[in-house]
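Below: one structure, written as structure tokens.
The values are calculated or read from the model by the stated rules, or taken from the named source; none is laboratory data. Predicted, not measured: the structure shown is a model, and the values here were computed from it. Cβ atoms come from the backbone with ideal geometry, glycine included; neighbour counts cover every protein chain shown. Note: areas computed on protein heavy atoms with side chains; ligands, DNA, RNA excluded. Shrake-Rupley method; radii C 1.70, N 1.55, O 1.52, S 1.80 Å.
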Amino acid sequence: MYKLFLTLRYLRKRRIAYFAIAAVTLCVAMVLIVMSVMGGWLEMVKLRARGLLGDVIVDNKAFQGFPLYEEFIDEISGWPEIVKATPLVYSYGLFQFRQTLRDGTTQVIQDGMARVVGLRLEDVCEINAFKEGLFYEKHYPGTTHLGEQQQPLIGYDLAGDPIPLKDEDGAIFGYRRPILPPAYQAALAESQAQDVVDTESAEDENARFLEELGVPPMPGVYRIVDDFGPPRMAGDPRPGLILGRDIVAKRHSDGRHERHYPRGKMVTLTLWATAGHSVDPFPIKQPFRYADDSYTGIFEIDSQYVYCDFDHLQKLLEMDEADRIDRETGQVIGKAPARCSQIQIKITQRVDGKPVDPVALCRRLEELYHSYLSDERFQLDLTERKLITRVEAMTWQESQAHIIVPVEKEKILVTILFGIISLVAVALILCILYMIVLQKTRDIGVIKSIGGSSGGVAAIFITYGAAVGIAGAVLGTILGSLVVHYINDLQDALIWFHPSLRVWDPAVYSFDTIPSEVRTVDAVCIVAVAILASTVGSVAAAWRAGTMQPVEALRYE
Amino acid sequence: MGRTELRVLRDCSLSVADGEFVAVMGKSGSGKSTLLHILSALDVPQKGQVHFAGEPVFAPPVSRRLRTSITDVLSAAERRRNHLRRTQFGFVFQFYHLLPELNVLENVLIARMIDPSVLAWWSQGSAARGDATDILKRVGLSERLKHRPSELSGGECQRVAMARALVHKPKILFADEPTGNLDAEAGANIMALLAELHREGQTIVMVTHDPGIAQHADRILHLENGRLRPA
């Protein structure tokens, strides 16, 4: 009993112990913050790598893509391991948003480089988590597509009863209820019936006005008719384009987004068909309509990627099927097969109760693709044969190893570095406890004179070290968790104070927010190591105290 | 203690009967305190043995280096000496040696905390607290239970030290110059307390250089040149 009693008393009365506790607290908090941010970053990198990919990716890392993908997909669709496979086309382009001035001319209000992805929306939504990041599809289910579309305009419900409002003089007048075109209004009602609430958008004037009218909110931004007429679809039909959210919206400090453009606004893509059949590539300018915006949380994706229909982009880039022309004679000598840049495949976890080995499956997929080189059904030219030779199948982890492995190593390195720095706390505890033992030498003699054993006296200082570790670890965990929890607010406050104080640059770390989640396993490990290190730091002092002879201790000056 | 080995005690033989009050006198540096420390198992003799109730207190002699090593920490001999100090012996120091972080009651109570575990303390704690309060009442400090040693006079500190030495009802009370650091009045009070304890049957071994103080004992011994002789 005396060990615990004296330990607690020394902790309370020896104020120097507070410095040891503070040192452990800071070290624990520091390591916890570093591990949480780095670990969170690693998890986000993995999620990013996983989120927009299939379980298996077939790619040849060539800008020109590779042919025979339809035949390949048809063939593997019969395999029991394959759930779904879909081709994609990747390219680069320039996007432009324009506005029309009063004199009828237009001017560019926003432009930038874009990574253009051609995809089959329904297939991709089955293969990965792309659909979960679509804003309008979430609130207006079934309305997002990449086909030809017009712009939906909010109009007024001319058939329904007007909403009574008061003007500035207090006179009551009827205000027609604003509504969307029927398909959109029905989709909105469907999502609202399922309690889908918009927590991602910043509050704007329109939302406040609708609230004042008592009309359910209409998430997103829509253009309103100019003539107080009914809702309608307006403008020329154009293919739909899904844009990364950071292209069309501004992120506020609370994480919500404020959209700049109404849904259905025209956006022009300028592409360069370098992978096409043409000998001399030329720029292609194509108008689209802003159909939806996609949010992954990954800055470099959300600020650069735009998505359009696979077949449309393939055609624009001249990667579709075309006549094969003899360059010498100019005559058509056959058909050049269509090409894609990548195939994403979703696989099942088990077949006949046995787990599927994705790596072995990749080897089989590669073998199948390479077997097309000797397949007499296909007439391939030299370039196409080279493109197929380079086709590789890999798991999503393999395909992203070049991103994940360096981040994993960086996390380990930083954790080790901060762990070494934390050894300072151990040294501090050692010094403080040794000092306390020297100060308490007579007390040690007294305790031994009343029957305290050497082990018991040593245990007082071991317990003391452990108690310092426990107190420091608990406080450090609380401090670290609070900092991690509010880390984005802290950064926003720093940026508000001065923009140069930004510590997390989305352009550098890929994500627009700092990871702010403490993993329990990290916290438990850090707490355990802190307590162990503090206890180890007390061993030398405890040893000296324990081996001291009572008379020697009592005579100590 | 130092690097030069001193032979302080030689051919010393002392037998103390149950209930006896023995005073050991001698000049400063004659080895009185060393004798008391060895008798009370606070120090280990290089040669010789101390018997308590017919049982040897010390293990066969070992080198000092070994004595301060882990073997000693875990040895049965040390466990026996600890047990004796905890249950059979009480020790009063000249300089009181109270723990400054503890108040009066806690300084006494600590002697009862050595044995029980934390769990056992739940059941034994209140009884021990009662014993400590009683003994402090007896030494006249019932009003000072919550005071710290720094708030007490020298005489009061020594009475707390006596209460600490007596709280576990030891067979033998060892007192090393118990009045050596006190004024005459405080010293007289302490001696009156020791005399009263002796009348109640407490065995006491006291060292002092003051003949007046030694007069309270049943038997007075002189320590000269490391040897004990009757006064």
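Within the set A:P181, A:P162, A:P87, the sole residue that is in contact with a Lys or Arg (Cβ under 8 Å, 6 or more places away or on another chain), over 30 Å from A:P358 (Cα atoms), open to solvent by less than 20 Å² (accessible area, probe 1.4 Å) and touching a residue at least 12 places away in the same chain (Cβ under 8 Å) turns out to be A:P181.
Based on this model, can you work out whether A:I109 counts as within 30 Å of A:Q379 (Cα to Cα) and out of contact with any helix residue (DSSP H, G or I) (no Cβ under 9 Å at 6 or more places or on another chain)? No; evaluated as a whole, the condition is false for this residue. Of the strands (runs of 3 or more DSSP E) lying entirely inside segment A:280-379, those carrying at least 1 residues that are under 30 Å from A:M233 (Cα atoms) and open to solvent by less than 30 Å² (accessible area, probe 1.4 Å) are A:283-294, A:305-309.
Restricting the first member to segment B:106-118 and to residues that are of a type outside the set (F, W, Y), and the second to residues that are part of a loop (DSSP other than H, G, I, E, B) and open to solvent by less than 10 Å² (accessible area, probe 1.4 Å), the beta-carbon pairs closer than 7 Å and six or more apart or on different chains are B:N107/B:L99; B:V108/B:V167; B:I110/B:L99; B:I110/B:L102; B:A111/B:V167; B:R112/B:V167; B:I114/A:G451; B:I114/A:G452. When B:V108 is tested against (1) at pLDDT below 90; (2) in a helix (DSSP H, G or I); (3) within 12 Å of chain A (Cβ to nearest Cβ), just one condition goes unmet, and that condition is (1).
Residues in segment A:41-58 that are surrounded by fewer than 23 Cβ atoms within 10 Å (Cβ to Cβ) and small (G, A, S) were compared, and the one that is modelled with the lowest pLDDT is A:A49.
When restricted to residues that are touching a helix residue (DSSP H, G or I) at 6+ places or on another chain (Cβ under 6 Å), more than 13 Å from chain A (Cβ to nearest Cβ) and surrounded by fewer than 21 Cβ atoms within 10 Å (Cβ to Cβ), segment B:20-48 contains 1.
Of the strands (runs of 3 or more DSSP E) lying entirely inside segment A:220-276, the ones with 1 or more residues being at pLDDT below 90 are found at A:249-251, A:257-259, A:266-272. Filter segment A:514-538 down to the residues that are open to solvent by 70 Å² or more (accessible area, probe 1.4 Å) and farther than 24 Å from A:H485 by Cα, then identify the one that is farthest from the other protein chains (Cβ to nearest Cβ). Only one residue tops the list, namely A:L532. Just checking, how many residues over segment B:134-146 are closer than 23 Å to B:A188 by Cα and touching a helix residue (DSSP H, G or I) at 6+ places or on another chain (Cβ under 8 Å)? Of the residues in segment B:134-146, 9 are closer than 23 Å to B:A188 by Cα and touching a helix residue (DSSP H, G or I) at 6+ places or on another chain (Cβ under 8 Å).
Just so you know, in segment A:434-466 the residues that are open to solvent by less than 40 Å² (accessible area, probe 1.4 Å) and more than 14 Å from chain B (Cβ to nearest Cβ) include one that is modelled with the lowest pLDDT, and it is A:V437. For segment A:143-158, the set of residues classified as assigned to a loop (DSSP other than H, G, I, E, B), open to solvent by 40 Å² or more (accessible area, probe 1.4 Å) and at pLDDT 95 or above consists of A:H145 only. The criterion of at least 1 residues that are touching a Lys or Arg at 6+ places or on another chain (Cβ under 6 Å) is met by the following strands (runs of 3 or more DSSP E) wholly inside segment B:143-225: B:203-208, B:219-224. Return yes or no: is A:L382 over 25 Å from the mean Cα position of the chain (by Cα) and open to solvent by less than 60 Å² (accessible area, probe 1.4 Å)? No, not satisfied.
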